[in-house]
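A short write-up of the structure that comes next.
FYI, it's all coordinate maths here, none of it is from the lab. Bear in mind that the values here come from a model prediction, so they are computed numbers and not experimental data. Counting neighbours? That spans all protein chains shown, and the Cβs are built from the backbone with ideal geometry, glycine included.
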Amino acid sequence: MGATLEHLPALLRGLQTTALVAALAILGCILVSLVLGVPRAGRRRSTRVSSALAIEFFRGASALVFLFWAYYALPLVPGMPQLSPLVASVAVLSLVGGAYGAEIVRAGLESVPRGQIDACRALGLRPLQAMRLVILPQALSQIVPAFGSLAVDLVKWTSLVSFVGVQDLLYVANAVRSITFQSMPVFVVLALMYWLLCLIVSVVFRGLERILPLNRALNAGGALHGAR
């Protein structure tokens, strides 16, 4: 165990890289989820079908296959750029995670009562205004908890980025293991660090759940009812 702890600074640098990839991938996943999920719940058949095809495409193969394609195969296509390992990793995790997140967004939007949408039309709100001011704030109470679980999964998926040369936590841990010949201590430290990252992400999303407007209103109403 002592030999493993001697390489703790290197493992912590790998942890920082993993945290960076996870944070960027989660942000990218949120963006892709909204871009694909909102049209998926829309009224136009063309947008629903196109978004559904995109979602099924990115859910149709493993993230590792897309990562290999983006980093190794894409540059072979004429005119396509050579992405850096970090950019390719974040892009692939964002797209694959966003495909799953899009279905979370769709389900959240469809959970809003139809009467709310009819009320927005009666008030003369434009579709974007209704989505931003009325529908999405209510849907977030359903979307954010599910996104918390997806974000934790994204943290675990970051272990794939070592296959394209990103010096993340797993990459460094394998290097330390090859130097020290101590597999068990290295894997114990590795598991603890991944557990810590997942715990932090879970705490962040639980905090977001508490500050959502609808949840705050429900909590305030419950407290007022209890006071009576």
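Between Leu128 and Leu196, the simple label model (points 7 Å from Cα in the Cβ direction) yields a spacing of 4.4 nm. Shape analysis of the chain places it in the oblate category; the axes a ≥ b ≥ c from the Cα gyration tensor give an a/c of at least 1.5, with a/b not above b/c. With R₀ fixed at 41 Å, the C-beta to C-beta distance from Ser50 to Ser149 puts the FRET efficiency at about 0.95.
Let me have the relative contact order for the stretch 2-227, percent, based on Cα pairs under 8 Å that are six or more residues apart. The normalised contact order for the stretch 2-227 reaches 28 percent. When the helices of the chain are scored as -39500 (n - 2.57) per DSSP H run of n ≥ 4 and the total is divided over every residue, the value at 222 nm lands at -25500 deg cm²/dmol. To the nearest ten degrees, helix 213-227 and the longest principal axis of the Cα atoms of the chain are 70 degrees apart. Between the stretch 73-87 and the stretch 15-35, the C-alpha centres lie 20 angstrom from each other. To test your reading of the geometry: what angle, between 0 and 90 degrees and rounded to tens, separates the Cα axis of helix 183-211 from the longest principal axis of the chain? Relative to the chain, helix 183-211 is tipped by roughly 20 degrees.
Axis of helix 136-157 versus longest Cα principal axis of the chain: the two differ by about 10°, to the nearest ten degrees. Peptides 197-205, 71-79 ranked from most to least packed by the mean count of surrounding Cβ atoms within 10 Å: 197-205, 71-79.
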